[in-house]
Every structure is written in C-alpha cells, then in structure tokens.
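Novice: First, the structure itself, so that you have it in front of you.
Taken together, the values in this text are just the output of simple stated rules run on the coordinates, not laboratory data. The structure presented is a predicted model; accordingly, all values stated were derived computationally and were not measured. All Cβ positions, glycine included, derive from the backbone under ideal geometry; neighbour counts span all protein chains shown.
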Amino acid sequence: MSPAEKIAFIQAQFAADNYEYSGHADRNLDKRGITDAEILEAATNAQIVEDYPNDPRGASCLIAGYSNKSRPLHILCTVTRPKMLVITLYEPDPAEFITPTQRRQQ
C-alpha cells in the first residue's frame, strides 16, 4: 500500500466510523483532553510521519494533522485490520519533534 493509499484508507475508516480505540488511546483522550471531533479534523489533513509495517498489532503508521483550532495531533493507527485500531494519540512533544511531521535527530 502506497503512502497515499494509506492516508486514503485511514480517512475512509474515520469517515465511516469504522475504528476503535485501544485502551491506551482511550485513556489519552481523557488525559489529554482530545475530542473525537479533533481527531476527525486532524485525519482530514493528515500526512504520514512514520511507517511501522511490522507492528505486532498489524501494519500501522503514525500520522500528523491539525484540528480546526490548529492543534497538532499525532495518531498511530493500523492500516490492515477490517476495523481500524487507533493505538495511541497525542500532541507531539517539541522536545521530540521539530515540527509535527519532523522528528528531532537523536
């Protein structure tokens, strides 16, 4: 699956409400005050930051997008399951990322 196909798949799963949150992602929603609306907004303008084809939960990728309030969000989700799994989500840490799509060198 190409990067464009992965983004299209992810956006289609969110649009069709065909996704679920892992326990970790669900806790992060509450802990970090992230709303479902913000996740859907960020997914509509997202781009792939990192690809994890060998993730034990299924091939996945980290996407970055912005909510309508310009809040940057990272969303890690599977791209091969019939029902997409959102593994985790968070605001990117400036100590780790130069921009939401560019990781700092270690």
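Novice: Rank-order 69-82, 42-55 by packing density, defined as the average count of other C-beta atoms within 10 Å over each peptide's residues, highest first. It would help to have the intermediate numbers written out before the result.
Specialist: Working: 69-82: 17.9, 42-55: 16.1.
Packing proxy ranking, top to bottom: 69-82, 42-55.
Novice: Could you compute the net charge surrounding Tyr21? Neighbours are other residues with a C-beta less than 14 Å from the C-beta of Tyr21; K and R count +1, D and E count -1.
Specialist: 0
Novice: Would you mind classifying the range 3-103 by shape? Square roots of the alpha carbon gyration tensor eigenvalues, ordered a ≥ b ≥ c; an a/c under 1.5 is rounded, otherwise it is prolate if a/b is larger than b/c and oblate if not. Intermediate results must be reported in sequence, preceding the final value.
Specialist: Details: a/c = 1.33, a/b = 1.19, b/c = 1.12.
Verdict is rounded for the range 3-103.
Novice: Using 0.36 nm times the number of residues separating Ile98 and Tyr66, minus their current alpha carbon distance, what extension gain do you get?
Specialist: Working: separation 32, 0.36 × 32 = 11.52 nm, distance 1.54 nm.
Gain on extension, Ile98 to Tyr66, equals 10.0 nm.
Novice: Shifting gears a bit: Nothing charged except the Cβ atoms of Lys and Arg (+1) and of Asp and Glu (-1): what's the magnitude of the dipole of the chain about its Cα centre? Round to the nearest 20 debye. Spell out each step's value before the answer.
Specialist: Details: 11 positive and 14 negative charges, 23 e Å.
Around 120 debye, computed over the chain.
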